Structures are given as structure tokens and as C-alpha cells.
Amino acid sequence: MTQTTRRTFLAGSAATLGVLSVPIRLPAQEVTQPSAPGAYLRIGADNSVTCILPTCEMGQGTHTGQAQILAEELGADWQTIRIEMPVQPGPDYRLPFGQMRSVGSYGIRHWHDPMRRAAAQMRMMLIEAGASRLGVPADELSAVGGAIVHAAYGQAIPFGELVEAASALPVPADPVLRPEEERTLTGRTVPRLDTRVKVTGEAVFSMDVTLPDMAYGAVRMAPVFGSDVAAMNADSVRGMPGVIEVVQVPRGAVVVGESWWQAKQAADALDITFTETENDGLDTPAMEAEIQAALDRADVPMTLERGDLDGAFAGAAQVVEADYAVPMLAHVCMEPINCTAQATDDRVELWTGTQGHDWIRMGLERALGVTADQLIINTAYLGGGFGRKTWENEAIQAVMASRAVGGRPVKVIWAREDDVQQGLYRQTMQIRFRAGLSEDGRITAMRVRMAGPQMGAAIVRDNNMDPFSLLGLINIAYDIPNYALDHAVVPIPVPLSPWRSIAESFNGYFVESFIDELADAAGQDPLAFRLANLPAESRARPVLERVAEMADWSGAAPEGVSRGISVVESYNSYVAQVVEVTMEGERVRVPRVHAAIDCGRAINPGQVETQVQGSVIEALGAALRVKISLAGGRTEQTNFTDYPILRIDEAPQIDVAIVETGAPLGGVGEPGVPPLAGALCNAVFAATGQRIRSLPLADHGLA
Amino acid sequence: MTDFTLNGSGVSVEADPDTPLLWILRERMGLTGTKFGCGIGACGACTVHLDGQAVPSCSIPLSVAEGAEVTTIEGLSEGGLHPVQEAWIEIDVPQCGYCQTGQIMATAAMLAQVPEPTDEDIDSYLAGNICRCGVYPRIRAAAKRAAELSRT
């Protein structure tokens, strides 16, 4: 090693005795923020390997995958690696869009290269220190199983013994990554790091955080969005057992009690009224009618246009049109919304399971003037996230509640009914397709009109180009020479939140259902039609071909079974699915689903499999029978009884194949969701001849 | 005062007898392995054993526990892991894991009654336990593996 002749930097290489620390830097950060605190990898004299990374663990398995990547490059034992979350959001933890959030299926694909680089730097420093200790050339040493090893001499020095010497060395600027043949820990199924504690009950979820002298908060919030507290009589519940304080918060109140049950009884009994708003008369049918009317609007700026649409339609052998719609959905994370705070005027400490660290930071600053340096966020395990746990409302409630009881820690817990009824839903959307087909079944033209809210309004610059509404349409996978897309924006007075796979969750259904309609109009097999209309080099082809093979698509379906197929790209991964349905009278049954995914290198194939299976279950439950609807401004659904997500007795067999094509890393947590509804409804069409142009199937009497 | 046996030891709890057992376990006894999910007995996250039966502790008033034997995930196995837990680890079942202690308690109660469960048995006994992450395929496999481990 010739570090002295190389550009080196010392920033982040901790001089602290007994600890070796190397920063994990995204490429841009090395230039702009060489000394900022950020993600880093650390080895202690006790051999412990800890990595500070800003991705929470909400079930997606990211911490295990990150440990595999680090351990492989470093030469450590993966089971000894601990992934910890930073307690203060900082600039170095931000995703490409500028916030520290655990979203967008970024956990592995965003951090993979920087993690490898830091681990390689650390390995080279440990080897250099080992070479000095043993008086041998560095190239005779290797890092294996948490030790620097000299194979010929039969010597092994644990990392921890070299930490002090290594921490005095410069961090190599140009680390040498391990060659492919030494990459034996990624690409292999290893068990999750967190399985045992989740099986014994020892895992501490946000809900389980317990602090000395902790009180509990139950909420009572305005039932209509946009409404706030009109009048509140705190004395109406002050005498109730266990009640400590009643705290007015934005849009409602937190009742603080010695137990959550007591607080909840009082919150329900609280004499509180809410302001009238123009949303008091809001009904879902009227909202949907307004969105539907926007499909006809003429004053919408074009988002995307290529080719000669008019000419192509004029020359088309046939033109096919169809409208589709999806309802609002709730996230219903298994762990209801909660946050624990211990807060005084100048210091706020939170214990919570959040995907949205920077959103909490910004929300507390905006609402309560809490500055970043006053804020500590301890991140516990999340009992699911799915895009719901990115917001700040419960943190504001907990901070206000704790301050109101003299800085005593307060754990605010929403009841399931609060979770279902207080919004942050997946948006309702509608779409109109018009497509021209050539004589031989090629899509020559497509005109797409989206109508509905614009979830990403804050980041939209031009022409309503909103990825939160339009991904999957902006980048439609098919080779369509004449194509136009616009979005008639219809704001709805309901708080929205990304729902696993965001826009792809509906655009996957819209596009893949309509493509099936085109295949039928062209008189072609749905698979053959897709392959004929995809670009020659499309990554959709290998997964389609693989899933067709798994389902024996070219063979006859088993007696009584009908099949539908689809393929969707999202988060730089491609997933194709074949859904098998049987009809039980009027009801659709789904005994089996086949899925093939290309996510680049599968770091942990077993986790890829279970993520895809879980995505299929989630999307199937949503497509069959759940929706959120409003009547009189209030959410009609309350709990799992009237928001019936899928249970085990309806879970299909789900076969997952991983297709590796050498593509860059893609996401895994979300891409299994988008193809399901389209493949399902295409199978229903094959079974019944009925096109399902709105979800859920229950609205059509089919589930 | 409500007296019952909790994970093999006698306990006395002074609380409103209408308080759901769930909150007594979590807040008074510090046994947070039993989870709050829905509050109406519709999701199974709070499943415990009451005299050997799997019940949703969110919907069982403390008074009902009087004189009963209550077992939570923390007391499922007196030493080491219960075969159901061993199977869950072997199959690497959990994702977020929040519902899993309830799934395990429901499975353990099922195996006590149905030592060799079929797919239909599993669907029937575990339909009360929602997994929002959708690890049902692995739960099925692990329930069968647990049955095997229980026999050896």
C-alpha cells in the first residue's frame, strides 16, 4: 500500500482511543462536506462492528442486507455487525431528494457502493496495521472472519487488537474493492439479524418503549379533515381515574393518563366540539364524480408528448378506449401510530418508529420552534411502515403532552380507529386511455389523461410532471412511437401519504389492464402481445419469459383455473406476475401467484422472496375488498372489521423466481406490489369476460 | 384486587376490573411482547393463552383472568425456546415482526389441540391473526415445521 503518495483525508477517522471509525460518504459529499458528521462504520477494541446508517428497520430487512454488504467487504462476521440509526438527522443522511427518510426502496441500492467503499477503506487500514505489527508486506495479509490473517504463518489478529494502530493511519482515498470471487456473503440467503428478538418478544418496537415515570396519551381528533377544535371542556374528564392532564393540540386533544386505557376512556368522554368546515358535506361519490368530470377537461397542460398523435390515430386499424379508477387506501400498519416524547422548553427527545426523520425535524420546528440541535430522535423497530410513518403529527402531540406535564415522558398511542380515520391515505385516481393499434397488433399511439389529486405538488416544476402521480406513465415500458400524457389536477381535501410503491400502485394496474384490453382487441395472446410491443432490449422481457415458464403459460391452464399476466418496472426493478384465479360462484379465489423479479444482484435472495410474497399479499388484499370512503366528511371505515385486509385463509401459494441480468441494483421492498392488480383483473377477464375497470373487486360483487 | 397466575407465578393486580388484560400485561407487568393492534379482538396481535386457550387479551377484561392461568410470549417456554419459536427462527418468518408473537401464541395453542395440522387447520386456527407484511406462506411452513419439532 502506498497511501503516502495518494490523496488522503483524515476526516472521520476517529482519533478516539480504542475505536476505528471511517465515514460512509456518498460521492458528492466528499467534495462538499468533508467534515460533516454522517454515516460511518466503526470497530471497537472489543471487536464490535457498528454501522451508523439512516435507514430504519420496518420489516423490509434492510439492516440484514446492509450487514451482509459490510461484512463481506470488511471481512467481518456478519452476525456481529450492528446497524444503528443516527439520533440527529443530518445532511449526510439525506436521500437524493434531500431528506433523511426511509422510503423509495433506497436502503440497499443507495448505500451499497458507499458502504462497500468505507468497508474496503477500513479493511486496508487494518491490514496495514497488521502488516506493521507482524513485519510482513500488506499483500500477504487478508481480512477474514473479523481478523487480519497471515495464512502462511497461521496467524490471526482480531480486528479489535489493531484498532488503535489503524486509527492513526490515513484513510486510503482509493480503496481496492474485493474481486467478485471473494463476494461470498452477498447473493446468498442468510437469516435476518432481527428474527430471534422478534420471535421471543424481546424486540423493542416504538410501541414498547418504556421510560421511568412514563405517562400515556390517548387522542381525540377532529373527525373531518380541515376541522379544528371549536371548544373543549377539560374539566369534563379531569376527575376520571388516572387522568393527569388534557392538552389541546392541533386538530384535537391528547388526554394524558397513568395508563393508556384510562387516558383512552377519558379521551372518548371528553367534552369537545370541532369547527364546521366546507368539508363537512364531503362524500366519496361526489369526489369521484368531480375527478371523473376532469377526464374531459380541455384546459390541461401537456406533461409529455412525442410523435404525431393525430396522424397515428387517423391511420390506426382500430382505436380502443377505456377509463379506470382506484379508491383511497389506508396503510393500517400492524403497529398503530405512536410516539414517546420527553420534552422541556429547550430539549426534545423522542422515541419512535419513523420513516421520516427529517419530516419530524421540520414539523417540530415549524409547529413548535424546536431547532435541530435541541432534538434527539431514538428510532425503535417499526411495526410496519408502508409509507405511512413518515409524518410528524404524533411527534407534535407527544411533545406538547410531555411539556404540559412538566417534562414527564409521555407515550402517545393512537387507537386503530384513529389510524384508519385520520387520513394520510393513498390517493384516489382515475385515468382515461385511448390507443391506436396497427393491423398487426402494434401500439402505434396512446393518449393518457390522468385525473385526481397531485400528491407531489410541492416538488412539481413544469407541466404537472408529478412522479407521485405519474411514474409508470412518464416512463411507460412499451414502445409507443406516438404518446401523450397529461394530468388534470383535482385537489381533494384529504391528507395523503405515499402507499407502498406510490404511483406505481395504481399505474401498474391501469397500464397492465389496458394493455390486456389491447391484446384482446388485437386478437393476440396477452404474453405475445406484450413481447411484441416491448422494446427489444427491455428488462421486462426476461422476467416475463421466466414467469410464463413458471406458470406454463403456453400450456393449457388447469381445469377451472384462469390466468392473467402483467409486468411493471418500479424502483429500477422489474417484476412480472401470473395470477391464477378460480370462480367460486360469483366470488374470485386466488389459489396461486407466480412472480419473477429482476432487482439487479439479489443481496439476500430469501429476503427478496419474502418481500415479493408480502407485496403480493398486500396488493391482493387491497384489490379484493378494501377502500377508504368518506360520508359527511368522515371516514366510514373504522378498524379491521370494515377494512378487511387479507388473512391467511385467503393467502395464495406464491412462487418467486429471481432473474439476474447484470442490471444495477434496484429496490425490493415495493416493486412486488404494482403488477398484482393488473394480473388479477386480467385473470378475472379470462374467467368471466368482464373487464374490471375499478377496484376493489368487492364493488363488483366479485369478492 | 385480581389474582391470577402469570407465566407460572401468582400475581395480584389492583386495577379497574374492566381494564383489558392487554394493558395490564404491557403497562403494569412490563410484558411488552404482547402487542396492541386493533383493540377489538380482530387482529390477533395481542394473543395470549388463558387456561391454555388462545384469546385476544385486548378484549378480555382483567376480571375474567381472576383465578386463571395466563401465559404470554415471555412465558411460553420455561427454558430456552418453544418448538414454535424454534420453527419460526428456522424458517426466518418475521418481517416487521409486530404480529409474530401473537402468531406464535396462536400456533402453540393450535398444536396443543391439533398436533398435525393440515393447511385447512392452519387457515382456520390462524385466520384471526393478521400479518400486515403478508408472511403467511412462511407462517404456514413454520407451523408445519413446529408440529414436526413438537413431536421429536
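Could you figure out which of (1) assigned to a loop (DSSP other than H, G, I, E, B); (2) away from chain B (no Cβ under 14 Å); (3) under 30 Å from A:I459 (Cβ atoms); (4) in contact (Cβ under 8 Å) with a residue 24 or more places away in the chain isn't true of A:A76?
(3)
Let me confirm something: among A:R403, A:R434, which residue is in contact with a strand residue (DSSP E or B) (Cβ under 7 Å, 6 or more places away or on another chain), in the same structural domain as A:A253 (by TED's automatic domain parsing) and of a type outside the set (A, V, I, L, M, F, W, C)?
Answer to the check: A:R403.
Name the one entry in A:N533, A:N507 that is under 30 Å from A:A445 (Cα atoms), polar (S, T, N, Q) and surrounded by 24 or more Cβ atoms within 10 Å (Cβ to Cβ).
A:N507
Of the residues that make up the range A:663-686, is at least one out of contact with any Lys or Arg (no Cβ under 8 Å at 6 or more places or on another chain), free of Cβ contacts under 8 Å to residues at least 12 places away in the same chain, not assigned by TED's automatic domain parsing to the domain that holds A:A222 and not in a strand (DSSP E or B)?
Checked the range A:663-686: no residue is out of contact with any Lys or Arg (no Cβ under 8 Å at 6 or more places or on another chain), free of Cβ contacts under 8 Å to residues at least 12 places away in the same chain, not assigned by TED's automatic domain parsing to the domain that holds A:A222 and not in a strand (DSSP E or B).
Residues in the range B:90-124 that are at the interface with chain A (Cβ under 9 Å from one of its Cβ atoms), over 13 Å from B:A45 (Cα atoms), part of a helix (DSSP H, G or I) and in contact (Cβ under 8 Å) with a residue 24 or more places away in the chain: how many?
1
In the range A:236-253, what residues are within 38 Å of the chain's Cα centre (by Cα) and surrounded by fewer than 18 Cβ atoms within 10 Å (Cβ to Cβ)?
A:Q248, A:P250
If you go through the range A:79-96 one residue at a time, how many are in a strand (DSSP E or B) and buried (at least 17 other Cβ atoms within 10 Å of the Cβ)?
So the count comes out to 2.
Within the range A:647-662, can you find the residues that are over 20 Å from A:E545 (Cα atoms) and either in contact with a Leu (Cβ under 7 Å, 6 or more places away or on another chain) or part of a loop (DSSP other than H, G, I, E, B) (or both)?
Scanning the range A:647-662 gives A:R647, A:I648, A:A651, A:P652.
Counting only residues that are assigned to a strand (DSSP E or B) and either crowded, with 20+ Cβ neighbours inside 10 Å or at the interface with chain B (Cβ under 7 Å from one of its Cβ atoms) (or both), how many does the range A:183-235 have?
8
Based on this model, can you work out whether A:D308 counts as at pLDDT 95 or above and within 14 Å of chain B (Cβ to nearest Cβ)? Full working, then the answer.
Numbers: at pLDDT 95 or above: yes; within 14 Å of chain B (Cβ to nearest Cβ): no.
Spelling it out, it is not the case that A:D308 is at pLDDT 95 or above and within 14 Å of chain B (Cβ to nearest Cβ).
Is it the case that the range A:635-646 has a residue that's touching a Ser or Thr at 6+ places or on another chain (Cβ under 8 Å) and either at pLDDT below 95 or over 30 Å from A:E417 (Cα atoms) (or both)?
No: the range A:635-646 contains no residue that is touching a Ser or Thr at 6+ places or on another chain (Cβ under 8 Å) and either at pLDDT below 95 or over 30 Å from A:E417 (Cα atoms) (or both).
Pairs only if they're at least six apart or on different chains, beta carbon under 6 angstrom, first in the range A:385-396 and free of Cβ contacts under 8 Å to residues at least 40 places away in the same chain, second buried (at least 24 other Cβ atoms within 10 Å of the Cβ); list them, first residue then second.
Matching pairs, first to second residue: A:E392/A:I360.
In the range A:643-660, is there at least one residue being of a type in the set (D, E, K, R), farther than 30 Å from A:T275 by Cα, within 10 Å of chain B (Cβ to nearest Cβ) and within 20 Å of the chain's Cα centre (by Cα)?
No, the range A:643-660 contains no residue that is of a type in the set (D, E, K, R), farther than 30 Å from A:T275 by Cα, within 10 Å of chain B (Cβ to nearest Cβ) and within 20 Å of the chain's Cα centre (by Cα).
Residues being free of Cβ contacts under 8 Å to residues at least 12 places away in the same chain and touching a Leu at 6+ places or on another chain (Cβ under 7 Å): count how many of those fall in the range A:336-384.
Looking only at that region, the number is 0.
The values are calculated or read from the model by the stated rules, or taken from the named source; none is laboratory data. Just so you know, these numbers come straight off a predicted model, no measurement behind them. Every residue, glycine as well, gets a Cβ built from its backbone with ideal geometry; the counts of neighbours run over all protein chains shown.
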